[in-house]
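Student: Got a structure for you, written out below as structure tokens; questions coming shortly.
The values are calculated or read from the model by the stated rules, or taken from the named source; none is laboratory data. Quick caveat: nothing in here was measured; it's all calculated off a predicted structure. With ideal geometry, Cβ positions are generated from the backbone for all residues, glycine too; neighbour counts draw on all protein chains shown. Remember, those area values only see protein heavy atoms, side chains included, never the ligands or the DNA or RNA. Shrake-Rupley method; radii C 1.70, N 1.55, O 1.52, S 1.80 Å.
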Amino acid sequence: MSKQSRIEDVTRAVQELQDATDLIDELAARRLGINRTDLRCLSRLSARGPLTASELAAAAGLTGGATTTAIDRLERAGLAERVRDTADRRRVLVHLTGKARAAIQEIWGPIAADARAELLRFSVADLDLIETFLRRALHNQARHADRLREGTERA
């Protein structure tokens, strides 16, 4: 099999994975009664822990106003709460609620467990290669998101 053929196979597999992930996200958002923007904020809070609204905006790629609206919706859904920072009472951090943590575990816990089981099948060298590919792919996606965002803002 040629290198070009393998590249096409990998590219197709990545697209299929993105589509499957998109479907999971859509179904999760529906189950939680939130929209996809709110789900992205929930994901960033789950991955990074409590964040200020501006940190969450940067992490989710949103404007300040859109982030405030998303936080308001997440609070109404019982999935997030604003909490004064104990170290600096002027700062307010957005925290996940127990309800959010339970929902995240219910929805994504089995997916993560299955992924870990699959990753155990690879050698350390294979895992290094997979991580390198994923980090490069992430960098590529971020770069093109910036390109598209800039194109939208100019229009």
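Student: Could you derive backbone 3J(HN,Hα) for region 76-82 from the dihedral phi with the Karplus parameters 6.51, -1.76 and 1.60 (θ = phi - 60°), listing whole Hz in sequence and x where the residue is Gly or Pro?
Tutor: After applying 6.51 cos²θ - 1.76 cosθ + 1.60, I find 4, 7, x, 9, 8, 8, 8 Hz.
Student: If one computes P(r) from the Cα atoms of region 53-96, what percent of pairs lie at distances over 11 Å?
Tutor: Details: 601 of 946 pairs.
Above the 11 Å cut-off, region 53-96 has 64 percent of its Cα pairs.
Student: Compute for region 70-115: radius of gyration divided by Kirkwood radius, i.e. Rg/Rh, restricted to C-alpha atoms, rounded to two decimals.
Tutor: Rounded to two decimals, Rg/Rh equals 1.14.
Student: Still on this structure, please answer the following. Could you size up the charge dipole of region 97-155 around its Cα centre, putting +1 on the beta carbon of Lys and Arg and -1 on that of Asp and Glu, and report it in debye to the nearest 20? Intermediate values should be presented prior to the final figure.
Tutor: Details: 10 positive and 9 negative charges, 47 e Å.
It works out to roughly 220 debye.
Student: For Cα pairs less than 8 Å apart in space and 6+ apart in sequence, what is the mean separation divided by the residue count of the chain, i.e. the relative contact order in percent? Show your work: numbers first, answer last.
Tutor: Details: 99 pairs, mean separation 23.8, N = 155.
Once normalised by length, the contact order is 15 percent.
Student: Can you tell me the Rg and Dmax of region 1-73, counting just the alpha carbons, in angstroms?
Tutor: 16.5, 53
Student: Please report, as a whole percent, how much of the solvent-accessible surface of the chain comes from carbon and sulfur atoms (probe radius 1.4 Å). Numbers along the way, then the final one.
Tutor: On the way: 6100 of 10930 Å².
Looking at the chain in its full context, I get 56 percent from C and S.
Student: Based on a Kirkwood Rh over C-alpha pairs, give the Stokes-Einstein translational diffusion coefficient of region 68-151 at 10 °C and viscosity 1.306 mPa s in µm²/s.
Tutor: Details: Rh = 16.6 Å.
Taking Rh from Cα pairs, D becomes 96 µm²/s.
Student: Write down the accessible area per residue of the chain in Å², having rolled a 1.4 Å probe over the full set of protein chains.
Tutor: On the way: 10930 Å² over 155 residues.
Here the per-residue accessible area is 71 Å².
Student: So, one more: Measure of size requested: the Rg and Dmax of the chain, with Cα atoms as the atom set and Å as the unit; please supply both.
Tutor: Both quantities, over Cα of the chain: 18.3, 62 Å.
Student: Turning to a different aspect of this structure: Please list, in chain and number order, the residues 5+ apart from Leu51 or on another chain whose amide H is under 5 Å from its amide H, with Hs placed from the backbone.
Tutor: HN-HN under 5 Å from Leu51: Val94.
Student: Would you pull out the residues with amide H under 5 Å of Ala80's amide H, same chain only if 5 or more places away, H placed 1.01 Å from N?
Tutor: It is Glu75, Thr97, by chain and number.
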